[in-house]
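Novice: Here it is, the structure in full.
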């Protein structure tokens, strides 16, 4: 695969350029892990201090919507992983279709998430939009605050990912992004998409499955 | 097709683990539930990192960069919980 890759300055060989691409993206992803890590720390400490209240609050969340959304993101990650393999083989249209499918699944996730927020608003459980006195106790209110911040921050990341993939699809269709010459662009963008998926893999049990 | 098939197996494994973690949430409570759900999530994350995020094909340097953030986060979690997890309940 490497001999068909375009090498840019200052790199001398494709393997070195590939290592630099992956290294840079992984270091950026480390900063994302630290960003979400803080939220997980708050969540675990909160759970440690108020085990009963947090478990009761978690049971009020829509477990099945969250579960379906997890399945949607896992499937979208499969589509991105397939796109990277196709890009290395140079099948331009198939890569575009695969990335478009992943972006569409991502959009499906956001729509379902919006439906879920709407249901929580109806239940009077959405901080900032529902009256504070409706929460069973302060710990429940705190948990729902963390839930809202964590899921909105994740949704923002997912939206960026959707725009990123849509941009790649656009460039592939206009032939301004060529595969397999620049397959690394697909691979590195894929890393971001997969990390957003991994964050949800942890957010789902940490928020919805507290028992 | 031969490069796509392993990816589909990984996806099937991820979906099975999702089903497992949901099932476990109905059966387990308390610390056991936390350990199980986070354990399953970790296995899922390892599958995604290893197969979808190309760590299988990469050398030691990239693998090290990939786990650096998580390793630091675990250190911070350990330090924070050294306080919260050892407080007396009185």
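The values are calculated or read from the model by the stated rules, or taken from the named source; none is laboratory data. Keep in mind that what you see is a predicted model, and the values were worked out from it rather than measured. We place every Cβ from the backbone using ideal geometry, glycine too, and count neighbours over all the protein chains shown.
Novice: Looking at this structure, is residue B:56 more than 10 Å from chain A (Cβ to nearest Cβ) and either assigned to a loop (DSSP other than H, G, I, E, B) or within 18 Å of the chain's Cα centre (by Cα) (or both)?
Specialist: On the way: more than 10 Å from chain A (Cβ to nearest Cβ): yes; either assigned to a loop (DSSP other than H, G, I, E, B) or within 18 Å of the chain's Cα centre (by Cα) (or both): yes.
Considered against the rule, which asks whether it is more than 10 Å from chain A (Cβ to nearest Cβ) and either assigned to a loop (DSSP other than H, G, I, E, B) or within 18 Å of the chain's Cα centre (by Cα) (or both), residue B:56 comes out as yes.
Novice: Still on this structure, please answer the following. Scan the range A:129-159 for residues that are surrounded by fewer than 13 Cβ atoms within 10 Å (Cβ to Cβ) and touching a residue at least 12 places away in the same chain (Cβ under 8 Å) and jot them down.
Specialist: Our first condition is that a residue be surrounded by fewer than 13 Cβ atoms within 10 Å (Cβ to Cβ); within the range A:129-159, this holds for A:129, A:131-134, A:136, A:138, A:152, A:156.
Answer for the range A:129-159, where residues must be surrounded by fewer than 13 Cβ atoms within 10 Å (Cβ to Cβ) and touching a residue at least 12 places away in the same chain (Cβ under 8 Å): just A:136.
Novice: Continuing with this model, one more query. Being at pLDDT 95 or above, surrounded by fewer than 20 Cβ atoms within 10 Å (Cβ to Cβ), within 28 Å of residue A:87 (Cα to Cα) and not assigned by TED's automatic domain parsing to the domain that holds residue B:85 narrows it down to one of B:43, B:4, B:48, so name that one.
Specialist: Values: B:4 fails: at pLDDT 95 or above; B:48 fails: surrounded by fewer than 20 Cβ atoms within 10 Å (Cβ to Cβ).
Unique residue meeting the criteria: B:43.
Novice: Can you tell which of B:15, B:74 is within 24 Å of residue A:82 (Cβ to Cβ), modelled with pLDDT of 95 or more and within 15 Å of the chain's Cα centre (by Cα)? Walk me through it before giving the result.
Specialist: Working: B:74 fails: within 24 Å of residue A:82 (Cβ to Cβ).
B:15 is the lone residue from the list that is within 24 Å of residue A:82 (Cβ to Cβ), modelled with pLDDT of 95 or more and within 15 Å of the chain's Cα centre (by Cα).
Novice: Yes or no: the range A:6-16 includes at least one residue that is within 10 Å of another protein chain (Cβ to nearest Cβ) and in contact (Cβ under 8 Å) with a residue 60 or more places away in the chain.
Specialist: First pass over the range A:6-16, keeping only residues within 10 Å of another protein chain (Cβ to nearest Cβ): A:15.
Okay, now just the ones that are also in contact (Cβ under 8 Å) with a residue 60 or more places away in the chain, so none.
No, the conditions are met nowhere in the range A:6-16.
Yes/no per residue for (1) out of contact with any strand residue (DSSP E or B) (no Cβ under 8 Å at 6 or more places or on another chain); (2) under 28 Å from residue A:67 (Cβ atoms); (3) part of a helix (DSSP H, G or I):
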position: A:171; (1), (2), (3): yes, no, yes
position: A:176; (1), (2), (3): yes, no, no
position: A:180; (1), (2), (3): yes, no, no
position: A:186; (1), (2), (3): yes, no, yes
position: A:191; (1), (2), (3): yes, yes, yes
position: A:199; (1), (2), (3): yes, yes, yes
position: A:205; (1), (2), (3): yes, yes, yes
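Novice: Tell me yes or no: at least one residue of the range B:21-35 is within 17 Å of residue A:70 (Cβ to Cβ), free of Cβ contacts under 8 Å to residues at least 24 places away in the same chain, more than 7 Å from every other protein chain (Cβ to nearest Cβ) and touching a helix residue (DSSP H, G or I) at 6+ places or on another chain (Cβ under 6 Å).
Specialist: For the range B:21-35, residues within 17 Å of residue A:70 (Cβ to Cβ), free of Cβ contacts under 8 Å to residues at least 24 places away in the same chain, more than 7 Å from every other protein chain (Cβ to nearest Cβ) and touching a helix residue (DSSP H, G or I) at 6+ places or on another chain (Cβ under 6 Å): present.
Novice: Would you call residue B:11 closer than 30 Å to residue A:91 by Cα, more than 7 Å from chain A (Cβ to nearest Cβ) and surrounded by 13 or more Cβ atoms within 10 Å (Cβ to Cβ)?
Specialist: no
Novice: In the list A:139, A:104, A:166, A:114, which residue meets the criterion of being within 29 Å of residue B:48 (Cα to Cα) and either within 14 Å of chain B (Cβ to nearest Cβ) or in contact with a helix residue (DSSP H, G or I) (Cβ under 6 Å, 6 or more places away or on another chain) (or both)?
Specialist: On the way: A:139 fails: within 29 Å of residue B:48 (Cα to Cα); A:104 fails: either within 14 Å of chain B (Cβ to nearest Cβ) or in contact with a helix residue (DSSP H, G or I) (Cβ under 6 Å, 6 or more places away or on another chain) (or both); A:114 fails: either within 14 Å of chain B (Cβ to nearest Cβ) or in contact with a helix residue (DSSP H, G or I) (Cβ under 6 Å, 6 or more places away or on another chain) (or both).
Only one candidate qualifies: A:166.
Novice: From the list A:83, A:114, A:30, exactly one residue is surrounded by fewer than 16 Cβ atoms within 10 Å (Cβ to Cβ) and modelled with pLDDT of 95 or more. Which is it? Quick ask: steps written out before the conclusion?
Specialist: Numbers: A:83 fails: surrounded by fewer than 16 Cβ atoms within 10 Å (Cβ to Cβ); A:30 fails: surrounded by fewer than 16 Cβ atoms within 10 Å (Cβ to Cβ).
None of the other options fit; the residue is A:114.
Novice: Identify all residues within the range B:36-53 that are under 13 Å from the mean Cα position of the chain (by Cα), at the interface with another protein chain (Cβ under 9 Å from one of its Cβ atoms) and under 20 Å from residue A:32 (Cβ atoms); write none if there are none.
Specialist: Step one: filter the range B:36-53 for residues under 13 Å from the mean Cα position of the chain (by Cα), giving B:36-50.
In the following step, the residues that additionally are at the interface with another protein chain (Cβ under 9 Å from one of its Cβ atoms) were identified as B:36-38, B:40-42, B:44-45, B:48-49.
Hits for the range B:36-53 are B:38, B:41, B:42, B:44, B:45, B:48, B:49.
Novice: Given the criterion touching a residue at least 60 places away in the same chain (Cβ under 8 Å) and assigned to a helix (DSSP H, G or I), identify the matching residue among A:45, A:115, A:95.
Specialist: Numbers: A:45 fails: touching a residue at least 60 places away in the same chain (Cβ under 8 Å); A:115 fails: touching a residue at least 60 places away in the same chain (Cβ under 8 Å).
Answer to the selection: A:95.
Novice: State whether the residues of the range B:19-35 include one that is closer than 30 Å to residue A:24 by Cβ and surrounded by 11 or more Cβ atoms within 10 Å (Cβ to Cβ). Break it down into steps so the answer makes sense when it comes.
Specialist: Filtering the range B:19-35 for residues closer than 30 Å to residue A:24 by Cβ gives none.
No, the conditions are met nowhere in the range B:19-35.
Novice: Let me ask another. With respect to the numbered conditions (1) assigned to a helix (DSSP H, G or I); (2) touching a helix residue (DSSP H, G or I) at 6+ places or on another chain (Cβ under 6 Å); (3) under 22 Å from residue A:191 (Cα atoms); (4) free of Cβ contacts under 8 Å to residues at least 24 places away in the same chain, which one is the sole condition not fulfilled by residue B:7?
Specialist: (4) is the only condition that residue B:7 fails.
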